[in-house]
Amino acid sequence: MRPARVTPVLLAVHGSRDPRAARATRALVRAVAAARPGVDVRASYLDHTLPRPAQALSALEAAGHERVTLVPLLLTAAYHGRVDVPDAVRAARAAGLCLPVAVAGVLGPPAGGPVDDLLLAGLRRRLAEAGSGFDAVVLAAAGTRDAAARQTVVRAADALGASLGVPARVAYASAAAPTGSEAVARLLAAGAERVGVASYFLAPGLLYDTVVRSALDAGAVAAAQPLEGAAELAQLVLARADAADLPVLAAAAA
């Protein structure tokens, strides 16, 4: 009797023209694979880079896998999570994919849900690598026009501040206020002396550079690197994969 194959994990990444982002994704793929030996872990990209999710799903089906779990590498359930990821699976179905696909939740907190301890641990790890002795923190994020998605970032900032025992504010690179400089200025005006910048980014790129530079120019003393291949992030990816509801998109194949 042939042994059952382990369900592969396909990461769905936003994609970027910045080569640093692709390197960060490869680092996370390696970290996830190392955290669960024997699992086929691959990356796909919603834009800018190949393979697209439909291509990667077809390749997994051709390799003989019986099902797959797709994990969006997104920190909010904004447009890319709500629209692009399901559309990518539907496109694969339209192209003939029969493989059952479970789509996991995004890595950030769901609407009204808690901030995962693994995510907080990864944020703290990167911040500690940047420095210590911070009496306030800015959580730097990409930004979105989606108000519900922004609220999840605010909750992440509040949870991070509470876990560190310091005041915390969000800052965005685009699409929403406050900027990095505005968030730092408010904390300094409230009495903070050493503001650290935590990174709500999975990979470096233009938006990360923009918000971090703004915060540092306004007086922040240090900025964390993106989460990239942090061990906590790899564990969070696997936790999301384990919690994915397979029948939802398996039924869509009918």
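Report the charge-dipole magnitude of region 1-76 in Debye, nearest 20, computed about the Cα centre from +1 at each Lys and Arg Cβ and -1 at each Asp and Glu Cβ. Please list the in-between numbers first.
Working: 11 positive and 5 negative charges, 45 e Å.
So the magnitude is around 220 debye.
For percent of Cα pairs over 34 Å apart, the value calculated from this model appears in [x] 9; [y] 14; [z] 18 under label [z]. Take every Cα pair under 8 Å whose residues are at least 6 apart in sequence, average their separation, divide by the length of the chain, and the relative contact order is 24 percent.
Dividing the summed -39500 (n - 2.57) terms of all DSSP H runs of n ≥ 4 by the residue count of the chain sets its mean residue ellipticity at 222 nm at -13500 deg cm²/dmol. Taken about its Cα centre, region 88-225 carries a charge dipole of about 360 debye when Lys and Arg each add +1 at the Cβ and Asp and Glu each add -1 at the Cβ. Taking the Cα atoms only, what angle lies between the long axis of helix 147-164 and the longest principal axis of the chain, rounded to 10 degrees? Long axis of 147-164 versus the principal axis of the chain: about 60 degrees. Once the Cα atoms are used to define both axes, helix 117-130 deviates from the longest principal axis of the chain by about 50 degrees.
Any idea what angle helix 19-35 forms with the longest principal axis of the chain, computed on alpha-carbon atoms, 0 to 90 degrees, nearest 10? Roughly 70 degrees between the two axes.
If contacts are Cα pairs under 8 angstrom and at least 6 residues apart, what is the relative contact order of region 24-137 in percent?
Details: 101 pairs, mean separation 25.3, N = 114.
That works out to 22 percent.
A straight chain from Asp209 to Glu66 at 0.36 nm per residue would run longer than the Cα-Cα distance by 47.4 nm.
Any read-out appearing in this document is the output of simple, stated calculations on the displayed coordinates, not a laboratory observation. Everything quoted here is computed from the prediction, not taken from an experiment. A quick note on method: Cβ atoms are made from the backbone with ideal geometry, for glycine too, and the neighbour counts reach across all protein chains shown.
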